[in-house]
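What follows is calculated from the coordinates using simple rules that are stated; it is not laboratory data. Please read all numbers here as calculations on a predicted model, not as lab measurements. Neighbour counts run over all protein chains shown; Cβ positions are idealised from the backbone, glycine included.
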Amino acid sequence: MRSEKKILLAVLIFIAFIIPQDCLGGKYTGDFMYIGAGVRSLGMGGAVASIADDASAIFWNPAGVSQIRKTEIEVMHAFLYENLAAYDNVSICQPLPNEVTIGLNWTRLTIPDIPVFMEDYLIEHPNVAERSSRLDWNLPGVPDSSFTSYDDLFQFCFSKHLRSRLDFGWAFFEVPLDIYIGGNIKYIKRQILNNLGNGTGFDVGLLLSSPLAGLVDIDWLGDFNFGLNLQNIGGTTITWDTESQNQDEILFNTKLGISLEQPLPWNNFNMILAMDTDYVYKKTQHYGMELQYKRLICARMGYYQEEYTAGMSLNIYEFILDYAFVTNTLGNTNRIGMRFNF
């Protein structure tokens, strides 16, 4: 059964990344990037475009990176699809003067031991009747070799925090507004058998945060956040080093998010409710919730595309251990990650 799954996975990779774009429209090119970075983010179902306050913001919304005011390193590792693939992510964010933060991210999807069937017997003996009389001319069903597929994503991010105040006229108070703007440059490299494909792309993000208490004059209300991430602006093209120089296009995506960060009546408890919408393909909704206690212990859950997620974090001084569980029709996934601030 495990060998059959590897063959199926190899076929899917071939369809998605080798068949020319004009046959499939390049629809699912680069979908490995949409697996998502970070553990906390996936525990909330990917509904973090309006929160994005840790190093995984480089992927979800680069504008949020400037919320990080300490050097932060985040690492994540996961085995996907019942251990048929490995997914790794490393991010580092460095604050600079004037409320600017820069970040670097590396994400890799590795699929090892994909079987290769050379079918030499079919080439040498194409006649079916001839092969049927000779057992040694029939395919044995044993792979001739195997290979490992690598998909790499590198991102460089820049983000700036601006402060402003919303003036609603003489009858209202001015409401503080935090504005975060940012963007990243990405480089994608893909390797399948002896062929390489690479390309560059750009993302631009915006994040707004304002206290609802000052807007509606209800003291106990928390902060409202809005996030916008324009991914692969103008389309990102992957060019392969084949004879035809085949090109695949990663489609442009608009990611919109809203969230409410609400202090709870109990001391030191805080709750986040979030919703994101991805407009690529047929539009996908993401929902997430996080419950925090003194930011020392966090529990979270999420939902998207009929899949459920859950997770938790434990903060020990400046070290944060993250865990997430993500359901998937190809196999449920346990994700483990670490964040370190200094």
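Structure note, pairs Lys186/Lys255; Lys255/Lys282; Lys160/Lys189; Lys160/Lys255: Cα-Cα distances above 22 angstrom occur for Lys160/Lys189. A DSSP coil position with no more than 13 other Cβ atoms inside 10 Å describes the following GluC sites (Glu not before Pro) in segment 268-342: Glu306, Glu318. The separation of segment 32-64 from segment 79-101, counted between C-alpha centres, amounts to 9 Å.
Please work out whether segment 25-341 counts as rounded, prolate or oblate from its C-alpha gyration tensor, where a ≥ b ≥ c are the square roots of the eigenvalues and a/c under 1.5 means rounded, while otherwise a/b larger than b/c means prolate and anything else oblate? Prolate, because a/c is 1.5 or more and a/b exceeds b/c. Across segment 25-341, Cα pairs under 8 Å and at least six residues apart give a relative contact order of 20 percent. Ranking of Trp60, Trp240 by neighbouring Cβ atoms within 10 Å, starting from the fewest: Trp240, Trp60. For segment 179-261, a/c is not less than 1.5, where a ≥ b ≥ c are the root eigenvalues of the C-alpha gyration tensor, and a/b tops b/c. That puts it in the prolate class. Between the listed residues Gly43, Gly227, Phe59, the Cα displaced farthest toward the positive end of the dipole of segment 25-341, a dipole computed from Cβ unit charges relative to the Cα centre, is found at Gly227.
Amide H contacts under 5 Å for Leu177: Ser164, Arg165, Leu166, restricted to partners 5 or more places along the chain or on a different chain, H placed in the peptide plane at 1.01 Å from N. For segment 36-106, a simple Cβ point-charge model (Lys and Arg +1, Asp and Glu -1, everything else neutral) yields a dipole of about 120 debye relative to the Cα centre. Enter the Cα centre distance for the pair segment 178-217 and segment 293-325, rounded to the nearest angstrom. Result: 22 Å between the Cα centres.
Which net charge results for the neighbourhood of Asp241, defined as the other residues with beta-carbon distances under 14 angstrom from its beta-carbon, given Lys and Arg at +1 and Asp and Glu at -1? After counting each charged neighbour, the total is 0.
Counting other Cβ atoms within 10 Å as a rough exposure proxy, the listed residues Asp219, Asp113, Asp151, Asp53 run Asp219, Asp113, Asp53, Asp151 from fewest neighbours to most. Arranged from fewest to most other beta-carbon atoms within 10 Å of their beta carbon, Lys186, Lys70 become Lys70, Lys186.
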